[in-house]
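Peer 1: Below are the structure tokens for one structure; questions will follow.
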Amino acid sequence: MWKFSDGLYLGDILRVDVQKMKNDTIYQENKPKYFIKTSIGYFGYPTELIIKDIETGEEGRYVGK
């Protein structure tokens with residue numbers, strides 16, 4: 001579960017459905033919608049996620065909870 005921090009707003013809580021992901025891309029209606037630009041963490045557990053809207057280029061930051 002990811003909590004909104006700043007930038008591109010996709011909701012207070014972001015839950016990524018693994019079935020809608022392929023590699024580093026999140027799909028919406030079978031079309032690539034968001035690119036996971038950065039996943040920062042330690043010991044293999046991400047604590048911060050930077051998501052980029054493919055169409056607009058806007059980025060959002062979410063933190064792991």
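The values are calculated or read from the model by the stated rules, or taken from the named source; none is laboratory data. Just so we're clear, the structure is a prediction, and the values are computed from it rather than from any experiment. Heads up, the Cβs are rebuilt from the backbone with ideal geometry, glycines too, and the neighbour counts pull from every protein chain shown.
Peer 1: Looking at E48, E29, which is the one that is of a type outside the set (A, V, I, L, M, F, W, C), at positive phi and free of Cβ contacts under 8 Å to residues at least 60 places away in the same chain?
Peer 2: So the residue among E48, E29 that is of a type outside the set (A, V, I, L, M, F, W, C), at positive phi and free of Cβ contacts under 8 Å to residues at least 60 places away in the same chain is E29.
Peer 1: Condition first: under 11 Å from R61 (Cα atoms), touching an Asp or Glu at 6+ places or on another chain (Cβ under 6 Å) and of a type outside the set (D, E, K, R). Can you find one or more residues in segment 10-20 that meet it?
Peer 2: Checked segment 10-20: no residue is under 11 Å from R61 (Cα atoms), touching an Asp or Glu at 6+ places or on another chain (Cβ under 6 Å) and of a type outside the set (D, E, K, R).
Peer 1: Here's a follow-up. Please work out which residue is surrounded by the most Cβ atoms within 10 Å (Cβ to Cβ), limiting yourself to segment 4-56 and to residues that are in a strand (DSSP E or B), at pLDDT below 90 and small (G, A, S).
Peer 2: Across segment 4-56, the extreme among qualifying residues is S39.
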